[in-house]
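Notes to accompany the following structure.
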Amino acid sequence: MPRQARIDIEGGLYHVFNRGIRKENIFRDDSDYSFFLDSLSKTYSKYSFDLYAYALMPNHFHLLIERASDPLSLVMKSISVRYAAYFNRKYSRTGHLFQGRFSSILCSKETYLIKLIKYIHLNPVRAGFVEKPSEWKWSSYDDYLGKRKNTLVNTDAFFDLISLSGRRGEFSNIMKGISILNEEELYPAGSLPVLGDAEFKKSVLKRKRYRRKTLESERLPLSKLAVRIAEEFDISTADLKIKKGSKKITEARSFFCYIASRYCGHTNVNIAKYIKKDYSTVSHALTRISKNKTPDEIQAVADLVLN
């Protein structure tokens, strides 16, 4: 099964993180950190989003991003692909740099913006690299102290939220008074990666249902759906059309048929033609998913490929 469903909502606040494959370092020297920030800057000039905090650690990174009109996946792909290409070229390596696609948790801005800014800036302290967050060069802490010009970081939202606009000298003292998030609270378990109270989660689910109806009416082309399914299951689009295949390919093809039929409104006849199978193959695939997968598992895959 692919990873947990991603919820992509315009205006959503996201705690985004990723680490190196096999927990290997993704930053080996200062120039690596600088290039990642340069990738972030170039992405900022191309796509619309707000950056509220970041911390770059030797083998992972944390970003606090508010999604605007451009999908979060496009923003992160722009940053990650550019940096990975640089890193592989510099160190004469091949293959994946990151352990997978980035992880993201949708957060209630009113409740968690301030707490997440503290959590992210304390990463190098918790790791034992420095004693104070101000001593770590590769985070946005100095941006909040007003020490950097032309910053990408939107610090106004933080100061506006606590009604201290313009009083940046008090940032360090403010941070000391904010409660620290524990790991269980920060990384919610379950099929809904959301950080917020019951009312916030209810509103997110409502928006998800509305988005599903919109996507159903748009009818994603089979060719595009095939690309997304292949990406999530780490296969090729050609694998969906082969006569026989591994268990993973069979599952991917079954999900392709199910989502094409139930979510995108394609007929079984057209689905069968696309994957070069007979009508019964599609029918069996739909039955297989309905019987063997829970509604949450089905929705999780649908959210991944349709967002």
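The values are calculated or read from the model by the stated rules, or taken from the named source; none is laboratory data. Nothing here was measured: the structure is a model prediction, and the numbers come from that model. A quick note on method: Cβ atoms are made from the backbone with ideal geometry, for glycine too, and the neighbour counts reach across all protein chains shown.
All conditions in (1) crowded, with 16+ Cβ neighbours inside 10 Å; (2) closer than 26 Å to LEU304 by Cα hold for PHE87, with the sole exception of (2).
For region 145-153, the count of residues that are among the polar types (S, T, N, Q), surrounded by fewer than 20 Cβ atoms within 10 Å (Cβ to Cβ) and under 25 Å from the mean Cα position of the chain (by Cα) is at least one. Filtered by the rule that a residue be surrounded by fewer than 14 Cβ atoms within 10 Å (Cβ to Cβ) and in a helix (DSSP H, G or I), region 112-144 gives ARG126, GLU135.
Restricting to region 73-109, what's the tally of residues that are of a type outside the set (Lys, Arg) and in contact (Cβ under 8 Å) with a residue 60 or more places away in the chain? Lay out the reasoning, then the answer.
First, the residues of region 73-109 that are of a type outside the set (Lys, Arg): 73-76, 78-81, 83-88, 91-92, 94-100, 102-108.
Those still in the list that are in contact (Cβ under 8 Å) with a residue 60 or more places away in the chain too: 73, 76, 80, 87, 91, 95-100, 102-108.
Total meeting the criteria: 18.
Considering only residues of region 39-50 that are free of Cβ contacts under 8 Å to residues at least 40 places away in the same chain and surrounded by 14 or more Cβ atoms within 10 Å (Cβ to Cβ), which is nearest to the chain's Cα centre (by Cα)? Walk me through it before giving the result.
First pass over region 39-50, keeping only residues free of Cβ contacts under 8 Å to residues at least 40 places away in the same chain: 43, 45-49.
Adding the requirement that they be surrounded by 14 or more Cβ atoms within 10 Å (Cβ to Cβ) leaves 43, 47, 49.
Working: THR43: 15, TYR47: 15, PHE49: 14 Å.
It comes out as PHE49.
Of the residues that make up region 265-273, is at least one modelled with pLDDT of 85 or more and among the small types (Gly, Ala, Ser)? Before the answer, list the steps.
First, pick out the residues of region 265-273 that are modelled with pLDDT of 85 or more: 266-273.
Subsequent filtering for residues that are among the small types (Gly, Ala, Ser) retains 272.
Within region 265-273, one or more residues are modelled with pLDDT of 85 or more and among the small types (Gly, Ala, Ser).
The one condition from (1) at pLDDT below 90; (2) over 27 Å from LYS46 (Cα atoms); (3) in contact with a helix residue (DSSP H, G or I) (Cβ under 8 Å, 6 or more places away or on another chain) that ASN173 does not meet is (3). Only residues that are modelled with pLDDT of 95 or more and either more than 16 Å from MET57 (Cα to Cα) or not in a strand (DSSP E or B) (or both) were counted across region 15-40, and they come to 17. For the criterion of being over 30 Å from ASP160 (Cβ atoms) and basic (Lys, Arg), LYS109 fails.
Every residue in region 256-289 that is polar (S, T, N, Q) and touching a Cys at 6+ places or on another chain (Cβ under 9 Å), please. I'd like the intermediate steps shown before the answer.
To start, the set of residues in region 256-289 that are polar (S, T, N, Q) comprises 261, 267-268, 270, 280-281, 283, 287.
ASN268, THR281, SER283 - these are the residues of region 256-289 that are polar (S, T, N, Q) and touching a Cys at 6+ places or on another chain (Cβ under 9 Å).
Checked against (1) under 14 Å from the mean Cα position of the chain (by Cα); (2) under 27 Å from LYS147 (Cα atoms), VAL125 passes all but a single condition, namely (1). Given ILE298, ILE259, ILE229, ILE242, which one is in contact (Cβ under 8 Å) with a residue 60 or more places away in the chain and of a type in the set (Val, Ile, Thr)? Exactly one of ILE298, ILE259, ILE229, ILE242 is in contact (Cβ under 8 Å) with a residue 60 or more places away in the chain and of a type in the set (Val, Ile, Thr), namely ILE229. Scanning region 251-304 for residues that are within 24 Å of the chain's Cα centre (by Cα), surrounded by 19 or more Cβ atoms within 10 Å (Cβ to Cβ) and either among the charged types (D, E, K, R) or in a helix (DSSP H, G or I) (or both) yields a count of 11. If I filter region 148-169 for residues that are at pLDDT below 75 and of a type in the set (Ser, Thr, Tyr), do I get at least one hit? Within region 148-169, one or more residues are at pLDDT below 75 and of a type in the set (Ser, Thr, Tyr). Only one of the numbered conditions (1) at pLDDT below 95; (2) assigned to a helix (DSSP H, G or I) is not met by SER104, and that is (2).
Quick one: would you say VAL75 is part of a helix (DSSP H, G or I), within 18 Å of ILE7 (Cβ to Cβ) and either in the same structural domain as LYS23 (by TED's automatic domain parsing) or of a type in the set (D, E, K, R) (or both)?
Values: part of a helix (DSSP H, G or I): yes; within 18 Å of ILE7 (Cβ to Cβ): yes; either in the same structural domain as LYS23 (by TED's automatic domain parsing) or of a type in the set (D, E, K, R) (or both): yes.
Yes, satisfied.
Looking at ASP8, ASP70 in this structure, which one is closer than 30 Å to GLN299 by Cβ, free of Cβ contacts under 8 Å to residues at least 40 places away in the same chain and either touching a Ser or Thr at 6+ places or on another chain (Cβ under 8 Å) or not assigned by TED's automatic domain parsing to the domain that holds ASN150 (or both)? Reasoning before the result, please.
Working: ASP8 fails: free of Cβ contacts under 8 Å to residues at least 40 places away in the same chain.
Sole residue among the options that is closer than 30 Å to GLN299 by Cβ, free of Cβ contacts under 8 Å to residues at least 40 places away in the same chain and either touching a Ser or Thr at 6+ places or on another chain (Cβ under 8 Å) or not assigned by TED's automatic domain parsing to the domain that holds ASN150 (or both): ASP70.
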